Every structure is written in C-alpha cells, then in structure tokens.
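Any read-out appearing in this document is the output of simple, stated calculations on the displayed coordinates, not a laboratory observation. Treat the numbers as computed from the prediction; the structure is a model and nothing was measured. All Cβ positions, even for glycine, are placed from backbone atoms using ideal geometry, and neighbour counts span all protein chains on display.
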Amino acid sequence: MEFLHSITLSLTSLLLMFAVPFGYFAYHTKYWYRPDGLKRFDFILAVMAAVLGTLILVKFATTTQSRDWDTLRLHLLHLAPLILTLLIISQGRGSSFGGRAAKATGGGDKKDYADYKPVPLNREIEKLGWNDLIIDQSLKEELSSVMTLLKDPKTARKYGIEAPKGILLNGPPGTGKTTIAKVIANTAGMSFFVLKMDEVVSKWVGESEKNLTKLFHAANKNSPAVIFIDEVDSIGKSRSGGGQQWAENLLNHLLQLVDGVVKAEGLYIIAATNRADLVDDALKRAGRLNKVIEIPLPGYEARKRLFELYLAKLSLQPGLNIDELAYATDGKSPADIKEICNQAGLNAFKRESGGKRRDYVVTAYDLETALNEFVSPA
C-alpha cells in the first residue's frame, strides 16, 4: 500500500494511461497478418489494463485524505482509457487497422477470416460405402480402382505407375458427384476436407490465398486426406484475359498448391463440375486434375433401384408399378428422383389433411401428380 501512496497521479501519468489503447492499434497495424500473434498481444494488453485499473481503484479506495471531487475526477480519467482498452479488445473491432484481415464481408454479420481454421469433416458426413452408390457397374469399378490406388500408392509404384493426385468428376447436376467423393474418402480411410468458397474468399488483398494455403496445410497435416472442391469452375474457371484480377490470382495460387500436392504423400484432390469445358486447361493438364471421370445420368436399371431406395421410406399403396416410374423418368438425375418421391409424400400429406383421419399412404395419384411436376413439359 505504501507503494501506491508514493505514486502521484498527474497529467503525465494520465498521458501514459491514454497510451495504452493506442498500443492496441500500433501492433494490430503492424502484425495484422498474424492472427495468433494478435491474440497473444491482446491477452497481454488486457492483463496490463486490468492490473493498472485495479491499482488505481485500490489507490482511490485507500486514500484517506483529500477525497474530494477533483481527486475522484482524476482517478476516473485514469480509469477511462484502461476501460476503453478492455472494451476494444473484447469487441475486436477497434478500427479498420486491426480488423482489416478479419472483417471480410460487409453488413452486420462480419466473418473473421483471420481465424479460418479448416478441419476434417469426417464426423459430419454420412458413412457411405460402395453399396450406397447407385451407378453403373463399369463406373463403380473405375472409381473403385482409383480408390485402391489412393489407398495403396506403394503397390502402384511396384507396377511402375503413379497414383493420380487429382481427379475431376464431370457430369450433370444431381448425379451424385459429392456422394462419390464422400464414399472414396470413407472407404479409403482418409480425412475429408472441403474447399468452401464462402470461407476462403475474402475481400482483403492476399487473404484468400492465405486461407487457401491454410486448407492445404491442414489437409497435409491430417494425411492421408482428400480435398473436395465442388463446382471447381467457380475457382478454376478458364482464364480469358477479361476476368477479375483477384480470381486469376486465386487460381494461380491454387495451381501452385496443386503442384505441391503432387509431391506430397497421402494428399489428394477430388473436384466436381457440371461443365468441364469451363475449367482452366492448366488445372486439367497432366500432373494436376488430369484424370477426368464422367458421371452420367442414371440408366433405366439405376433409376429403378433409386425409386426402390427412396420409396422404401414411404407407405405405398399396393400395386404401384416401379418399372413405369423408371421409364417415365428417362433423363432425370438421382436428385430429381429423390425429389419426386419426396413430393409424392407431400402430396399424400396435403390430400389427407382435409379428412378426419390419416392413413399415411402414398397412392398412385400422389406419385402421378409428382411426376407431372418434374417430367411433363412446361
């Protein structure tokens, strides 16, 4: 206590107190690209402000002489910058200096891109196997062979061949390209990462490339791993010279990271697109995503099995002909067939809503009505 009484509060000490919040902006301006360092400095500054504030309060509480209005104001003025410092740190948006790496979107809900930490999504995805894929047998065998090479690259080297480091799944929307990527990751026992544009892309210069690097580093750390890039043409669209500079810079950085995957052991890329012709040729060249696998719309037998799968969840009226449903949906994707079955259930719900009792049965009329919504010409 004697130490506190020996300190005299003055304009000089007040100036020192006001230097504390300015210190926040100083290191945030200099080290904005180092989120871990910023967190450490924020913690140290918060502790310093809290300790100084506590000492000032204790000094005022133990002051027995001259406790007048001027003394109270002087202590409050010393506390003000320290409280301001704690508020700035807790809010994390003191100014555009410290926030420029973190606040990458406009509006009220701002995403902290500096804290982007990609993690494997294996716990969040469905546990799917090859039996869950309703595709042509020849396509399943081709995908299975690729998976075997990914799972055991040493055997591939014994044959004198190199396992593909990247494959491109090309096909119409709703054909199950994402499901195929999940099956490959699950059956090969690999960590599953997803490149999500809304998490990676930032309006701040260079931040998108850093986030992309974080994703590849995390996947390499958790190898064997798969990085799945859905709608790859959104990030790897062919460069025509008239595109946006940030998009071309991001694509160039992706190409560099893909080249690093080629040299890495246990790291693979699976990309999907509806328009392979829109994907930049540099991304599809040998050594990158050169293995293109076509995922076509399901044939008759596959459509029949899909109807059997999705209709099994419904209580059906006896005598429904699944063969006719398979014939009527020629050219439809698995996603369309799933939606037709779901719509049939909704139709049954609406139909029975007007009655006094519910049988929970999907009739031929319900299915026919659902088919007309998806199959009949507009």
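The amide H of I269, built 1.01 Å from its N in the peptide plane, has G166, I167, I227 as neighbours under 5 Å, considering only residues 5 or more places off or on other chains. Placing R0 at 45 angstrom, the Cβ-Cβ distance between S144 and N252 gives a FRET efficiency of 0.85 after rounding to 0.05. Using every pair of separate Cα atoms, the Kirkwood estimate puts the hydrodynamic radius of the stretch 130-294 at 16.2 angstrom.
Here the Karplus curve 6.51 cos²θ - 1.76 cosθ + 1.60, taken at θ = phi - 60°, turns the phi angles of the stretch 301-312 into couplings of 4, 5, 5, 4, 5, 5, 5, 4, 5, 7, 6, 5 Hz, with x standing for Gly and Pro.
Using a Förster distance of 45 Å, how high is the FRET efficiency between D136 and R40, based on the Cβ-Cβ distance and rounded to 0.05? For D136 and R40, the calculated efficiency is 0.25. Across the cross-link table entries K203/K291; K158/K214; K196/K338; K127/K304; K154/K237; K158/K291, which are compared at the Cα atoms, the separations over 30 Å belong to K203/K291; K158/K214; K154/K237. Kirkwood-type hydrodynamic radius, the chain: 25.9 Å, calculated from all non-identical alpha-carbon pairs.
Pop the C-beta distance of Y365 and M197 into the FRET formula with R0 = 45 Å and round what comes out to the nearest 0.05. Approximately 0.60, to the nearest 0.05.
Each stretch of four or more DSSP H residues adds -39500 (n - 2.57); spread over every residue of the chain, this sum gives -17000 deg cm²/dmol at 222 nm.
Size of the stretch 300-374 from its Cα atoms: along the principal axes, largest to smallest, the extents are 39, 22, 16 Å. A simple spin-label model places the labels of I83 and L15 2.5 nm from each other, with each point 7 Å out along Cα-to-Cβ.
Taking a point 7 Å from the Cα of K151 along the Cα-to-Cβ direction, the residues of the stretch 242-284 with backbone N closer than 17 Å to it are 266-268. Once the Cα atoms are used to define both axes, helix 364-374 deviates from the longest principal axis of the chain by about 70 degrees.
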